2 protein chains.
Amino acid sequence: MFYSKRDLYFQLFELVDCESLCQYAYFQDHDKESFKMVLDAAESIAEKMLLPLLTDMDRNEPQLVDGKIRIHPGMKAVIKKMGEDGWVNAAFDYEEGGQQLPTTLLNAAGFIFQAANYSSSIFTYMSGGASNLIRTFGSKKLVDTFTPAIYAGKWQATMALTEPDAGSSLSDITTSAEETGEEGVYKIKGQKIYISAGDHDACENVVHLMLAKIKGGPIGAKGISLFVVPQKRIDGDTLVFNDVVTAGVFHKMGYKGAPIAHLSMGSSDDCYGYLVGEPHKGLSYMFQLMNEARVTVGMNATAIGTAAYHASLKYAKERPQGRKIYEKNPALPQTAIINHADVKRMLLFQKAVVEGSLSLLIYCSKLADLIHVETGDTKEKYTFLLDLLTPIAKSYPSEMCCLSTSAAVQTLGGAGYTTDFPVEQYYREARIHPIHEGTTGIHGIDLLGRKITMQNGKATQLFFDEVENAIQEAANNDDLKPYATHLKQYGLKVQDVTRHLLSLAQRGETEKYLADATLYLEMFGILTIAWQWLLQAEIALRKMEQAHAEDKNFYQGKWMTMKYFFEYELVKIDSLALRLKSNNAVTVEMQSDWF
Amino acid sequence: MFYSKRDLYFQLFELVDCESLCQYAYFQDHDKESFKMVLDAAESIAEKMLLPLLTDMDRNEPQLVDGKIRIHPGMKAVIKKMGEDGWVNAAFDYEEGGQQLPTTLLNAAGFIFQAANYSSSIFTYMSGGASNLIRTFGSKKLVDTFTPAIYAGKWQATMALTEPDAGSSLSDITTSAEETGEEGVYKIKGQKIYISAGDHDACENVVHLMLAKIKGGPIGAKGISLFVVPQKRIDGDTLVFNDVVTAGVFHKMGYKGAPIAHLSMGSSDDCYGYLVGEPHKGLSYMFQLMNEARVTVGMNATAIGTAAYHASLKYAKERPQGRKIYEKNPALPQTAIINHADVKRMLLFQKAVVEGSLSLLIYCSKLADLIHVETGDTKEKYTFLLDLLTPIAKSYPSEMCCLSTSAAVQTLGGAGYTTDFPVEQYYREARIHPIHEGTTGIHGIDLLGRKITMQNGKATQLFFDEVENAIQEAANNDDLKPYATHLKQYGLKVQDVTRHLLSLAQRGETEKYLADATLYLEMFGILTIAWQWLLQAEIALRKMEQAHAEDKNFYQGKWMTMKYFFEYELVKIDSLALRLKSNNAVTVEMQSDWF
């Protein structure tokens, strides 16, 4: 299997108690059984439709033919099915045709899709996220015009941000929007690159949620507006060319099944876009989607890492090679490689990373649901926590699943490097995640430069309160107490490093303050995942005694993996803290000519 | 450029003083100028013949057609040229047609070839290594029969070890050799997999140096013998089929230009092999080649990492994106990304890894030369040092260049993930090195289980003496002294960890003792590279004042990179030591059913 249903149930029903969401009016029609049905439906699609295309989509990547991107022919049925079954708008309101499904469940279902075949999962995901922008900020006319076909899977929706000269620096986009005289209608001109699902032949139309600058507006980020720019615009009953030309398709190391387009708008001066919301507020609108998308990228990475973990686990149980290290008799039969400590280390590393990441991501998803249904101080608290955790939920899984898929390759040895097994594909696919939706470096600066300090560190304080709660709870168990103590100590260490860095900020040494923000993000991520593992182990230990044999094994695995994380990963904070507290600003002082 | 000639000269002529080898009679015909001519000749081939094939060989991988592996048609001219110019046997004696070139220089030239196009470099390398086994251990008849065509580049030579059921566990090979009555001639039957250059259409014949077990011999490693098994055997003046069938070609994530074969011997009971040396000594013979090959694998990884570093450095200098972190005015032009501290960090990391690795590898190469020409205690000392350092010289670059090529991808952002730039190829190619020629796990056990303890830790003591010499030398410079002190402290920490682990061995707790051998190897590798950086910085600081402007920049770069390594990498020993001294044997205790 490409994921563990047992673990996903553990995360949803034992760890975050997602049933508790059904107490809220908005989610009251759901219950545990309906949640399980949602997961079963996702698994069925994943197994029957997505997984069978995994290898073939990698080997037959999208091609630009006569101005149109041709994708794998198998995707057409998938996109249709996803639309028909309501996956695009499942989390939206009933009155919009949605199912008011908690994001927690939608993300859990997404995890199953992504673990089966990451590339195939992005079409529906992009449509859901981009259409959410229209319904949240757009006029009724825009909603009525564009969303029904997107929800139905007939049209594709995208987010179109990046340009050739504006990647990480979004404020430098140059795509322009010029008033036409008709209210809300603008002429669009410019180039966009790296547009996921930006063009393909499995849908009739592609609707871009596009950032552009209205001519005469403020420079920089303050002049960015959001537009709906369809590939084909509606003219009466027909769709007509809207001067959005596919200038190219990017060929990539992995994630090959997804068509990533280079788009050119307005080269014949005939591209029209429709303003979403107010002028010059585009970036703040887009950030709603980007913040959701960042959690999803963390989930993508975790899903790929999960599939790689299970592939390598299966291999390790089946492959005989060598004997136990203390066994010198060559006449004995070989043992399965899972019996070697070094192989178990590589498997525990993967399990620790992917199940620790999943737990953080499910937690963040539940925060999003609570923000949706709560009010007042409680809503504010969850909003702060999710804001703080978003760069970590995006970056920890993204960075670590590059390493965990590498451990999967290593577990298979030479076989892992060949295309006879899927792990090499997972290794290539995982590598995109530290890049898109903000590079790891950008998220480091977001965490240390913005999130940690917002409202005098209120989010940071709320986070450490949550960690402290977990520590107190765990300390009631004698077996867990030493680990709770460790987490406490490492929490203090992280806070000490934070104070040191903030003192640089206070002295106006901005460059030094943020120079190692990536390392700070790494350190904070390790602490966060250790907290999640303590929570998991607390439940596992509590339930172990009463559990039946199979569950006992499952809980034993959780307990051992928590120990692994604390023994091998948490201790990395010591080295990171040493560096982060050093005053030797070597990366700031280094000069271009010295390389 | 895909490598730095200035750095290679620094490593060869300023750091290890490879000219000093010319004092020995064996190398007396060489001098600095002739060494430079060798490097120039390598660069010329690399630039004109290898680099132009880099991308194309990746995209047109070898295919098995009618039982024969077809490789890129461009390789035929390369293999011919390499043979004609004497690269196969350059290090061998004059009387054999060789040039008595020091291994140090041959490896430096190999580094240039590999940095230009790794896949294309292995044909000649395999022929050199495998033919060295014939000339060292084979009869005159074998030498006369097989080596001239190999040296000339007309025939390919290989090392054929791995089998479907015997990868890391070589003692479990089942390929059999049966006496024919004719002395030294055996009938061979079996399967070999993952044979680099094991079959291709650019040479007339392929000569396998193959491990097999003579029927009736001892079981396990003690029953392994070495044979020459040609693809076609000589029958009078012609070459005839020797029942070596190419059963398949492996398709891989990277390193695609190299044909990796699955071979089947004796399926028609007509495969003959010729014993090399004495029966049952095959493994010890093969280890000569494997030990050399392990240093070469380290060099391969370093060369790929070097090419990726220079590609990302070029991009970082040219690509404008964003403004300095303290600059809030969006109207200012964007700055080149190399001016961002986080990008400099990624570049410094790469530089620290690849130039630190290269320096260790050049040092090890010089040890090999000194072992060749020295005698008595001096020879023994160098042999011990090289034995100890071989697993590190193989594994540190192999593991770290997976991460450094990843940093190269990250430096380019989205562009790095596309096939528009070579860094994604380097990332895929680098991943083979922690696997072949012994996985990292195997080398960890080799270091901690064998090398550290051999002759009561004599090699370890010699290594720490060398480190101490560097510390003493560096301590004479006030700027370097704090770093020398740090290295001293970390050396003591590594020795402390070593004592702890050896105490487990002494108590007979073999599994616990070796469970984290991979982490021990990582820790020892970091210390070793820190030592190399201290040596480099000592020279850089000494020469900086008198240097002209360009050289001053070069030495500044060395000084800053040493600081980077000590600030960001050396400190990792703290966390590794914490884990290695823990008594929580989580990977030993973990059970298969708990995953």
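The values are calculated or read from the model by the stated rules, or taken from the named source; none is laboratory data. Note that the coordinates shown come from a computational prediction; the quantities given were computed from them, not determined experimentally. When we count neighbours, we look across all protein chains shown, and the Cβ atoms used for this are built from the backbone with ideal geometry, even at glycine. To get the accessible areas, we keep the full protein, side chains included, count just its heavy atoms, and leave off ligands, DNA and RNA. Shrake-Rupley method; radii C 1.70, N 1.55, O 1.52, S 1.80 Å.
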B:GLY298 vs. criteria crowded, with 19+ Cβ neighbours inside 10 Å, farther than 26 Å from B:ALA177 by Cβ and more than 12 Å from chain A (Cβ to nearest Cβ): yes
Residue that is farthest from the chain's Cα centre (by Cα) [pool: residues in region B:169-197 that are open to solvent by less than 10 Å² (accessible area, probe 1.4 Å) and within 13 Å of chain A (Cβ to nearest Cβ)]: B:ILE173
Residue match in region A:552-563 (condition: of a type in the set (Phe, Trp, Tyr) and within 30 Å of A:PRO434 (Cβ to Cβ)): no
Matching entry among A:THR55, A:THR103 (being hydroxyl-bearing (Ser, Thr, Tyr) and either closer than 20 Å to A:TYR426 by Cα or touching a Gly at 6+ places or on another chain (Cβ under 6 Å) (or both)): A:THR55
Identity of the residue in region A:403-415, at the interface with chain B (Cβ under 8 Å from one of its Cβ atoms) and surrounded by 21 or more Cβ atoms within 10 Å (Cβ to Cβ), that ends up nearest to the chain's Cα centre (by Cα): A:SER406
Filter result for the condition that a residue is more than 26 Å from B:GLU355 (Cβ to Cβ), surrounded by fewer than 24 Cβ atoms within 10 Å (Cβ to Cβ) and among the polar types (S, T, N, Q), over B:ASN291, B:ASN329: B:ASN329
Answer from B:SER20, B:SER4, B:SER44 - the residue that is under 23 Å from B:GLU538 (Cβ atoms), small (Gly, Ala, Ser) and surrounded by fewer than 16 Cβ atoms within 10 Å (Cβ to Cβ): B:SER20
Scan of region A:342-366 for residues that are open to solvent by 10 Å² or more (accessible area, probe 1.4 Å) and either among the small types (Gly, Ala, Ser) or at pLDDT below 95 (or both), ordered by number: none
Selection count, region A:498-512, where residues are open to solvent by 40 Å² or more (accessible area, probe 1.4 Å) and more than 30 Å from the chain's Cα centre (by Cα): 4
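Would you check which residues across region B:217-243 are of a type in the set (Phe, Trp, Tyr) and either crowded, with 16+ Cβ neighbours inside 10 Å or modelled with pLDDT under 95 (or both) and list them?
B:PHE227
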Residues being more than 9 Å from every other protein chain (Cβ to nearest Cβ), in a helix (DSSP H, G or I) and out of contact with any Leu (no Cβ under 9 Å at 6 or more places or on another chain) - total across region A:308-336: 4
Selected residue (criterion: surrounded by the most Cβ atoms within 10 Å (Cβ to Cβ)) from residues of region A:276-285 that are away from chain B (no Cβ under 14 Å) and part of a helix (DSSP H, G or I): A:GLY282
Answer from B:THR418, B:THR378 - the residue that is among the β-branched types (Val, Ile, Thr), open to solvent by less than 10 Å² (accessible area, probe 1.4 Å) and free of Cβ contacts under 8 Å to residues at least 40 places away in the same chain: B:THR418
Those residues of region B:476-492 which are more than 20 Å from B:GLY525 (Cβ to Cβ), of a type outside the set (Lys, Arg) and surrounded by fewer than 17 Cβ atoms within 10 Å (Cβ to Cβ), in sequence order: B:ASN476, B:ASN477, B:ASP478, B:ASP479, B:PRO482, B:THR485
Residue within region B:202-216 that is crowded, with 18+ Cβ neighbours inside 10 Å, polar (S, T, N, Q) and part of a loop (DSSP other than H, G, I, E, B) present: no
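Free of Cβ contacts under 8 Å to residues at least 12 places away in the same chain and either among the small types (Gly, Ala, Ser) or away from chain B (no Cβ under 14 Å) (or both): does that describe A:ALA166?
Details: free of Cβ contacts under 8 Å to residues at least 12 places away in the same chain: yes; either among the small types (Gly, Ala, Ser) or away from chain B (no Cβ under 14 Å) (or both): yes.
When the stated conditions are applied, A:ALA166 passes them.
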Inter-residue pairs, beta-carbon under 6 Å, first closer than 17 Å to B:GLN455 by Cβ and in region B:493-508, second open to solvent by less than 50 Å² (accessible area, probe 1.4 Å), 6+ apart: B:ALA505/B:TYR513
Output for region A:140-163, where each listed residue is more than 20 Å from A:ALA261 (Cβ to Cβ) and either in a helix (DSSP H, G or I) or free of Cβ contacts under 8 Å to residues at least 60 places away in the same chain (or both): A:LYS140, A:LYS141, A:LEU142, A:VAL143, A:ASP144, A:THR145, A:THR147, A:PRO148, A:TYR151
Selection within region B:546-576 - without any contact (Cβ under 8 Å) to a residue 60 or more places away in the chain, among the basic types (Lys, Arg) and facing another protein chain (nearest Cβ under 8 Å): B:LYS572
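Identify the residue in region B:552-583 that is in a loop (DSSP other than H, G, I, E, B) and open to solvent by 30 Å² or more (accessible area, probe 1.4 Å) and, among all such residues, is farthest from B:HIS486 (Cα to Cα).
My answer is B:ASN583.
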Top-ranked residue of region A:436-470 - restricted to ones that are part of a loop (DSSP other than H, G, I, E, B) and within 14 Å of chain B (Cβ to nearest Cβ), ranked as surrounded by the most Cβ atoms within 10 Å (Cβ to Cβ): A:GLU437
Search result, residues across region A:234-254 that are within 14 Å of chain B (Cβ to nearest Cβ) and touching a His at 6+ places or on another chain (Cβ under 9 Å): A:ALA247, A:GLY248, A:VAL249, A:PHE250
Residues within region B:421-435 that are touching a residue at least 12 places away in the same chain (Cβ under 8 Å) and either assigned to a helix (DSSP H, G or I) or surrounded by fewer than 24 Cβ atoms within 10 Å (Cβ to Cβ) (or both), tallied: 10
Enumeration of residues in region B:337-363 that are polar (S, T, N, Q) and within 11 Å of another protein chain (Cβ to nearest Cβ): B:ASN339, B:GLN350
Residue under evaluation B:ALA549, criteria (1) aliphatic (A, V, I, L, M); (2) over 26 Å from the mean Cα position of the chain (by Cα); (3) under 30 Å from A:VAL353 (Cβ atoms), criterion not met: (3)
Residue within region B:166-174 that is in a strand (DSSP E or B), modelled with pLDDT of 95 or more and not hydroxyl-bearing (Ser, Thr, Tyr) present: no
Residue in region B:110-126 that is surrounded by 24 or more Cβ atoms within 10 Å (Cβ to Cβ), in contact with a Cys (Cβ under 9 Å, 6 or more places away or on another chain) and closer than 30 Å to B:GLN425 by Cβ present: yes
Residue within region B:137-153 that is within 14 Å of chain A (Cβ to nearest Cβ), aliphatic (A, V, I, L, M), touching a strand residue (DSSP E or B) at 6+ places or on another chain (Cβ under 8 Å) and surrounded by fewer than 23 Cβ atoms within 10 Å (Cβ to Cβ) present: no
